[in-house]
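Here the structure comes first, spelled out in structure tokens, and everything after it is commentary.
The numbers here are math on the coordinates, done by the rules we state, and not lab data. If you're wondering where the values come from, they're calculated on a predicted model, not measured in any experiment. Here Cβ is always computed from backbone atoms with ideal geometry, including for glycine, and neighbour counts include all displayed protein chains.
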Amino acid sequence: MESLTPEKFRLRSFRLRGERMTKAQSEALLSHWNKFEIPLQGEINPQEVFYGMKPDEFIMEIGSGMGEATAQIAAARPHTGYIAVEVHKPGIGALIIHAERAGIRNLRIIEGDIWEVLTQHWIDSSLDAFHIFFPDPWPKRKQSKRRLLQPAFISLLAKKLKPGGRVHIATDWVPYAEEIEKHFASSADFKGGVIPRPEWRPLTKFENKGLNKEHRVTDFLYTRN
Ligand SMILES: C[S@@+](CC[C@H](N)C(=O)[O-])C[C@H]1O[C@@H](n2cnc3c(N)ncnc32)[C@H](O)[C@@H]1O
């Protein structure tokens, strides 16, 4: 029998939603996926995936959702190598539509679970920043173990960042914000805390829905020692 590794026990941080895509999303994937895809195999070094360009820095966005913020941030920083990781294929299709419309060339996308990406494929000390905007809040008490930002994951982020690398986080779920603050405070790898909303972070439909329900949004910035 296959042995059960810690990864096998780990609870998924995402809900498996339907893979149904709009016609435009499947057409976008069909026509352009090969320009954006980083295949999830072997060892991945960000220096080697932006053919024809030499990015000033590398930023990975975890959970790019429908890609609205992703495309705007990548377009605003053409010299950054921007890598989006997402498990939800229709969201990837939507991101490609935005990226193609804006003529973005400094974006690469990985379809996969961030745990697998970081533990099995991504090389250490190679990223300048992570963007984690509105990670699934898992609001029910018994589901809170599924939250992404927990101590083991925070150590993994530290391992993949260069010294001085940044983690930008936003959440609209106050109990999650409190947990994030507590876990980072007890990590020896990072310093930082709550910051005002960065003016470069675009408003997404997901955030807007929360604001309409009067959720309070907290932004964090942590820097790796
Ligand atoms: C609540 S949505 C927020 C999306 C987007 N960042 C925004 O602000 O609109 C969280 C996203 O994270 C993705 N996600 C959750 N766990 C993930 C994982 N382990 N690996 C990759 N993506 C994940 C989900 O599929 C979902 O699209």
Legend entry - Pairwise FRET efficiency - Ser144 versus Ala188, Cβ, R0 = 30 Å, nearest 0.05: 0.80
Inset, instruction - Output the relative contact order of the chain, whole-number percent, from Cα pairs under 8 angstrom with separation of 6+ residues. - result: 20
Legend entry - Taking N as its residue count, the alpha carbon Rg of the chain over 2.2 N^0.38 Å: 0.99
Legend entry - Highest to lowest packing among 14-27, 143-156, 199-212, scored as the average C-beta count within 10 Å: 143-156, 199-212, 14-27
Inset, instruction - Quote the FRET efficiency, to the nearest 0.05, computed for Glu27 versus Asn225 with a Förster distance R0 of 45 Å and r equal to the Cβ-Cβ distance. - result: 0.45
Inset, instruction - Choose one answer from Ala158, Ala28, Ala71: the residue with the largest mean-square fluctuation in a GNM of the chain with alpha-carbon springs under 10 Å. - result: Ala28
Inset, instruction - Note down the nm distance, to one decimal, between modelled labels 7 Å out along Cα→Cβ at Lys213 and at Ser125. - result: 4.3
Inset, instruction - At a Cα cut-off below 13 Å, give the aspartates and glutamates reachable from Lys89, other chains included and same-chain residues fewer than 8 away excluded. - result: Glu19, Glu27, Glu37, Glu111, Asp113
Legend entry - Theoretical ellipticity at 222 nm over the chain - DSSP helices of four or more residues, -39500 (n - 2.57) apiece, nearest 500: -9500 deg cm²/dmol
Legend entry - Sorted by Cβ neighbour density within 10 Å, fewest at the top, the residues Val85, Val174, Val117: Val174, Val117, Val85
Legend entry - Dipole magnitude (debye, nearest 20) for segment 82-225, charges at Cβ of Lys, Arg, Asp, Glu: 200
